[in-house]
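Enquirer: Following this message is one structure expressed as structure tokens.
The values are calculated or read from the model by the stated rules, or taken from the named source; none is laboratory data. Everything numeric in this text was worked out from a predicted model, so none of it was measured. Positions of Cβ are generated from backbone atoms using ideal geometry, with glycine treated the same way; all protein chains shown enter the neighbour counts. Please note that ligands, DNA and RNA were not included when accessible areas were found on the heavy atoms of the full protein model with its side chains. Shrake-Rupley method; radii C 1.70, N 1.55, O 1.52, S 1.80 Å.
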Amino acid sequence: QVQLVESGGGLVQPGGSLRLSCVASGFTFSRFTMNWYRQAPGKERDLVATITSTSTTIYADSVQGRFTVSRDNAKNTVYLQMNSLKPEDTAVYSCNAQNMWWDYWGQGTQVTVSS
């Protein structure tokens, strides 16, 4: 059974940091590209960061220089380190596993940036 379970969300003040984790099971994690998406209320879901099976990383312009995506294939886990958080980063963050044939999603974790 495929599962993606996110954790690490919460309430943080502007300028603060959070580290999200996504633990995968039920598929060969190391062979998948892993993505972090976010969706704010009333808005479309946006791609935030990508890390490929060879650990190439890509970031949305809005988070470049503030967020870092990484993976630990031994732990079947992908991370999103978020620094210098802004109120506009408030959203539900979801991880996604993707290859040529399959596309898996987690349930998401809420991140709220507010003073």
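Enquirer: If I compute solvent accessible area with a 1.4 Å probe over the protein chains, what percent of it on the chain is carbon and sulfur?
Expert: Using a 1.4 Å probe with all protein chains present, the chain comes out at 46 percent carbon and sulfur.
Enquirer: Give me the accessible area per residue for the stretch 31-115, probe 1.4 Å, as a whole number in Å².
Expert: 56
Enquirer: Putting +1 on Lys and Arg Cβ atoms and -1 on Asp and Glu Cβ atoms, find which of Ser94, Thr77, Ser115 reaches farthest to the positive end of the dipole of the stretch 42-115.
Expert: Going by the Cα projections, it comes out as Thr77.
Enquirer: With N residues in the chain, what two-decimal value do you get for its Cα radius of gyration over 2.2 N^0.38 Å?
Expert: 1.00
Enquirer: Dipole of the chain, Cα-centred, from +1 at each Lys and Arg C-beta and -1 at each Asp and Glu C-beta, to the nearest 20 debye?
Expert: Rounded to the nearest 20 debye, it is 180 debye.
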